[in-house]
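Enquirer: One structure follows; several queries about it will come next.
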Amino acid sequence: MFHFFSGFSDKALTNDEPFILPFQQIDATDDAFWDQFWAEHSTNVQDVFALVPPNEIRNLRQENPANLATLLYKATERLVRAVDNSCRTQAEQQIVLNCVRLLQRILPYIFEDSEWKNFFWSQLPSGNEGDDSSTPLAQSLLNAICDLLFCPDFTVVATRRSGPDKAEELTNIDSCEYIWEAGVGFAQSPPKHSHLELRRTELLKLLLTCFSETMYRVPSTSEEPNKWIAHFTSADNRHALPLFTSLLNTVCAYDPVGLGVPYNHLLFTDTMEPLVEVCLQILIVTLDHDMTLNSPTTAAYDETTLGDNLFINYLSRVHRDEDFHFILRGITRLLNNPLVQSYLPNSTKRLHCHQELLVFFWKICDYNKKFLYFVLKSSDVLDVLVPILYHLNDSRADQSRVGLMHIGVFILLLLSGERNFGVRLNKPYTATVPMDIPVFTGTHADLLVTVFHKIIATGHQRLQPLFDCLLTILVNVSPYLKTLSMVASIKLLHLLEAFSTPWFLYSAPANHHLVFFLLEIFNNIIQYQFDGNSNLVYTIIRKRHVFHALANLPSDMGGISRCLSSRKGARRMAPAAVAKEPPQSTDADEEDEEESEEDNKSDTIVEEESMEGSKPALPAEPGTLKASLLDTPAIGQMTERESAHMNASQSQESPTLCDLNATLATLSCEDAKSEASSKSPATSRAVAQRGSIRVTSSGPAASSANVWTPTPEWVASWRAKLPLQTIMRLLQVLVPQVEKICIDKGLTDESEILKFLQHGTLVGLLPVPHPILIRKYQANSGTTAWFRTYMWGVIYLRNIEPAIWYDTDVKLFEIQRV
């Protein structure tokens with residue numbers, strides 16, 4: 001086997017030995033020596049990764065940095081020369097691919113060493129004395145890659161061909177004529193060639209590797225500008241617009257099913273799928289790089305040197321309805337792909353890029369509010385909702401998919417801040433994909449409630465910080481829900497029953513927030529959608545003991561102690577068991593207790609009947625790799641309250657509710673601070689699980705100082721604010737009427753009672769309707785940092801052929817095994 005610096009010869013490939021580095025320095029002008037690395041051989045990317053092992057690159061970096069620096073310089077220089085020659089010959093094209101593969105292999109090992117951090121950005125010797133205006137190596141590399149992505153006969157189809165002498169010079173080419181796909185800003189769909197798609201994919205993977213410098217920073221410094229992305233998305237990149245358009249259109253035009261021929265993905269290699277995946281990854285990474293945010297870390301950087309991110313600029317300026325339709329249709333087509341059912345097993349291609357798609361959808365909604373309003377203008381938004389709920393339900397037991405659960409919930413939180421989303425949920429739902437949830441007949445709102453209940457009742461512990469978010473979404477949409485099914489009504493009441501048990505309320509400082517959210521949901525529906533919601537009203541009447549128990553919560557020290565002492569028995573219930581056995585309230589009268597037992601039986605029956613053909617949500621296979629995530633931002637940091645009424649002054653009419661919201665926001669922030677200050681990982685996992693149905697103890701790592709002790713004053717501070725007036729008034733009016741009808745007519749059939757409630761009215765009997773308050777998502781540093789960590793974790797784990805970053809010293813997150 002030739003040594004590392006003796007090139008990739010065919011003889012070398014037959015020996016299967018790794019490259020070993022000679023320690024003597026090789027002269028940079030010895031072109032014959034350096035050219036052996038990329039000339040006269042064709043080594044695929046997997047072979048390059050096998051033949052250049054990590055320890056050899058690190059040894060080279062340590063023992064002979066000059067040779068490594070020269071190798072990187074010469075490989076970049078060779079790409080620049082190929083651009084100058086317009087990369088016309090087959091030999092030149094092979095040299096380019098060899099250089100690309102070698103650079104892709106070595107770059108992560110440059111980024112992992114802080115001493116090499118500025119190597120690509122230092123000024124190179126220009127050869128002219130007194131000339132210090134030379135271009136940094138990084139810019140030369142990025143410019144060459146961008147030029148090569150629009151190189152006729154190499155990555156795009158040549159359009160102006162009339163003999164070899166008339167071929168266009170690559171340095172002068174108008175790349176806007178060579179956009180890869182029809183769609184936004186480009187009408188022609190160029191012919192497809194798999195070899196061109198493969199080359200684009202390789203060049204884009206090298207770009208992604210350049211951008212991955214972010215992975216080698218600790219989370220606290222990840223906000224610092226990534227110079228690679230800053231240059232790529234700046235006006236210094238003459239291809240910025242055609243590149244953005246090519247990436248966007250390639251993703252949104254892709255149809256994995258094609259003509260729908262069964263098993264076609266097994267018969268033909270699809271070169272588009274890897275291209276679409278890397279296009280998506282480049283898009284979300286470049287759109288994450290927003291240096292216009294006035295964060296403390298970017299304030300120190302001169303704006304004139306950074307410039308605007310043109311990708312964010314272009315995305316925010318898309319405005320034509322046909323363009324929005326193209327983008328939304330493309331995203332929903334790909335998002336719904338894993339849900340496509342057919343009678344022939346495995347006959348349709350299944351994509352795995354749904355996490356990148358969801359991040360991309362989030363970015364578009366974040367940067368282009370017109371697109372968000374377009375999405376909500378019609379029931380097309382339900383084509384985004386259903387796949388999100390499918391993934392949430394399917395991932396709820398899998399610890400390796402916690403990030404996917406978060407992004408799905410964050411998107412629904414963003415959408416729920418808009419009135420139209422709540423209105424669209426009233427569209428009837430027809431099951432198109434079997435889901436492991438109870439069978440119901442109803443609307444998309446019922447689907448939302450049922451899936452959320454399933455997550456809370458049967459998901460794993462690491463989802464507990466999301467409970468606030470899930471209930472906030474339901475609060476936001478509740479004023480617009482015209483009719484909830486009996487299944488969804490029972491689920492909502494069950495959540496209240498589980499969350500309002502005294503032992504749960506008193507076991508953590510923020511657990512009572514969940515009860516406030518649930519009461520707000522009931523109040524919104526009673527005040528604004530009473531007429532169509534007889535199922536919910538009937539369930540509230542049946543479960544009235546829950547509300548009476550809440551109104552009579554023990555607040556003296558003795559009562560609090562008794563509640564917490566019953567906690568041991570309650571803690572034995574796993575979430576799945578809680579779904580079938582709601583805890584009994586000690587304060588209910590005997591009649592209510594008997595009634596509650598009957599109700600629990602019927603709830604259990606509903607719970608057990610899942611959709612036909614559905615598979616239960618399964619935990620991750622042992623050994624599955626996952627990337628660590630930052631803490632979930634508190635709901636008070638993520639949202640801002642707004643009145644949904646035209647007249648904002650109305651919100652002054654209900655001081656109690658406004659006080660309550662302010663209290664919740666304040667408490668959420670305080671909770672987040674106290675969680676952040678906890679240093680022990682065991683503590684942060686156990687104590688920060690706000691609102692779990694299981695109360696998790698803080699474990700041996702927690703000191704006695706972290707143990708929460710409720711006091712009578714603390715209970716009194718929030719118990720008086722429980723918004724029970726509307727529900728108590730409803731019970732006061734309707735319970736006697738229902739009881740009288742049952743006695744007078746001898747009714748035992750609930751359908752007759754429901755019929756009575758459907759025609760009943762509470763006009764003039766309820767308190768003055770409170771203003772609708774929506775908690776709208778607000779951009780904040782917490783979610784920005786969370787998204788960055790999550791996104792790069794997904795990219796790390798999804799790029800396994802070849803495994804670009806595997807076994808390198810990544811600092812943004814940790815790679816763990818389940």
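Enquirer: Taking the Cα centre of the stretch 442-536 as origin and charging only Cβ (+1 Lys, Arg; -1 Asp, Glu), how large is the dipole, in debye to the nearest 20?
Expert: It comes to approximately 200 debye.
Enquirer: How much of the accessible area of the stretch 721-763, in percent, comes from carbon and sulfur atoms when a 1.4 Å probe is used?
Expert: Carbon plus sulfur share of accessible area: 56 percent.
Enquirer: Search the structure for amide H atoms under 5 Å from the amide H of Gly442, placed 1.01 Å from N in the peptide plane, and list their residues when 5 or more places away or on another chain.
Expert: Under 5 Å from the amide H of Gly442 lie the amide H atoms of Tyr429, each far enough along the sequence or on another chain.
Enquirer: Rounded to the nearest percent, how much of the accessible area of the stretch 402-473 (1.4 Å probe, protein heavy atoms only) is carbon and sulfur?
Expert: Of the solvent-accessible surface of the stretch 402-473, carbon and sulfur hold 50 percent.
Enquirer: Sorted from largest down, give the three principal axis spans of the alpha carbons of the stretch 365-466, whole angstrom values.
Expert: 37, 33, 19
Enquirer: Sticking with this structure for a sec: Using θ = phi - 60° and the Karplus curve 6.51 cos²θ - 1.76 cosθ + 1.60, what whole-Hz ³J(HN,Hα) does each residue of the stretch 735-742 get, with Gly and Pro shown as x?
Expert: Each residue's phi maps through the Karplus curve to give 4, x, 5, 5, 4, 5, 5, 4 Hz.
Enquirer: Okay, moving on. Any idea of the accessible area per residue across the stretch 189-234, 1.4 Å probe, to the nearest Å²?
Expert: On a per-residue basis, 30 Å².
Enquirer: Right, another one. For Thr624 and Ser234 in one chain, what is 0.36 nm times their gap in residues minus the Cα-Cα distance, to one decimal in nm?
Expert: 136.5 nm
Enquirer: How far apart, in nm, are two points set 7 Å out from the Cα along the Cα-to-Cβ line at Val433 and at Gln24?
Expert: Output for this residue pair reads 6.3 nm.
Enquirer: Averaged per residue, what accessible surface does the stretch 50-116 expose to a 1.4 Å probe, in Å²?
Expert: Roughly 34 Å² per residue, with all protein chains present.
Enquirer: Follow-up. If you find the alpha carbon centre of the stretch 443-494 and of the stretch 186-263, how far apart are they in angstrom?
Expert: When both Cα centres are located, 37 Å separates them.
Enquirer: To continue, here is another question. Return the long-range amide H neighbours of Thr639 (sequence gap of 5 or more, or a different chain), with a cut-off of under 5 Å between placed amide H atoms.
Expert: Under 5 Å from the amide H of Thr639 lie the amide H atoms of Gln778, each far enough along the sequence or on another chain.
Enquirer: Can you work out the Karplus-derived ³J(HN,Hα) for every residue in the stretch 413-422? Use 6.51 cos²θ - 1.76 cosθ + 1.60 with θ = phi - 60°, whole Hz, and x for glycine or proline.
Expert: For the stretch 413-422, the Karplus curve yields 5, 4, 5, 5, x, 10, 3, 4, 4, x Hz.
Enquirer: I need the trypsin sites (Lys or Arg not before Pro) found in the stretch 468-577, filtered to DSSP loop residues with at most 13 other beta carbons within 10 Å of theirs.
Expert: Loop-located and lightly packed - Arg572.
Enquirer: In whole Hz and in residue order, list the ³J(HN,Hα) couplings for the stretch 787-802 that follow from phi through the Karplus curve 6.51 cos²θ - 1.76 cosθ + 1.60, θ = phi - 60°; x for Gly and Pro.
Expert: Whole-Hz 3J(HN,Hα) from phi for the stretch 787-802: 4, 4, 5, 4, 4, 5, x, 4, 4, 4, 6, 7, 9, 10, 10, x.
Enquirer: Leaving out ligands and nucleic acids, and using a 1.4 Å probe, what accessible area per residue does the stretch 728-809 come to in Å²?
Expert: Computed with neighbouring chains in place, this is 49 Å² per residue.
Enquirer: Rounded to a whole number, what % of the accessible area of the stretch 157-249 do carbon and sulfur atoms account for, probe 1.4 Å?
Expert: C and S fraction of accessible area: 53 percent.
The values are calculated or read from the model by the stated rules, or taken from the named source; none is laboratory data. Note that this is a predicted model, so its numbers are computed, not measured. Don't worry about glycine lacking a Cβ; one is built from the backbone with ideal geometry, like all the others, and counts go over all protein chains shown. The area values use the complete protein model at the heavy-atom level, side chains included, leaving out ligands, DNA and RNA. Shrake-Rupley method; radii C 1.70, N 1.55, O 1.52, S 1.80 Å.
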